[in-house]
Amino acid sequence: MFEALNDRIDSETLLYLYKLDVREDGIQLEDYEREQEMYMFHDEVGAFENGEVEAAVKTATPVRRDSPKIGRNQPCPCGSGKKYKHCCGR
């Protein structure tokens, strides 16, 4: 029974492979030109090539907290009386 199943799978596979129609479309020239236009006319390309963007990223300052960090087991600052982890810390 298993051999019959394998034989049927083999014959159906070969049948589909013989009926397969392979087409070679290649790259369409219009699509290629359209894709090249998208890359060539971007305003910020020069900034990326010159490294100006990297310099701007390096000068970024970290965010500072105004108030101290609230622990999970401390009372919630909203005034509910619950622990922070059960109230606003979710």
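The values are calculated or read from the model by the stated rules, or taken from the named source; none is laboratory data. Keep in mind the model is a prediction, meaning the values are calculated, not measured. Positions of Cβ are generated from backbone atoms using ideal geometry, with glycine treated the same way; all protein chains shown enter the neighbour counts.
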Out of all the residues in the stretch 23-44, is one or more surrounded by 10 or more Cβ atoms within 10 Å (Cβ to Cβ), modelled with pLDDT under 70 and of a type in the set (F, W, Y)? no
Identify the residue in the stretch 12-22 that is surrounded by fewer than 10 Cβ atoms within 10 Å (Cβ to Cβ) and hydroxyl-bearing (S, T, Y) and, among all such residues, is modelled with the highest pLDDT. Y16
Which residue pairs have Cβ atoms closer than 6 Å, lie 6 or more positions apart in sequence or on different chains, and pair a first residue in the stretch 51-80 that is surrounded by 10 or more Cβ atoms within 10 Å (Cβ to Cβ) with a second residue that is part of a helix (DSSP H, G or I) and modelled with pLDDT under 85? V53/A47
H86 fails exactly one of (1) surrounded by 10 or more Cβ atoms within 10 Å (Cβ to Cβ); (2) at pLDDT below 90, namely (2)
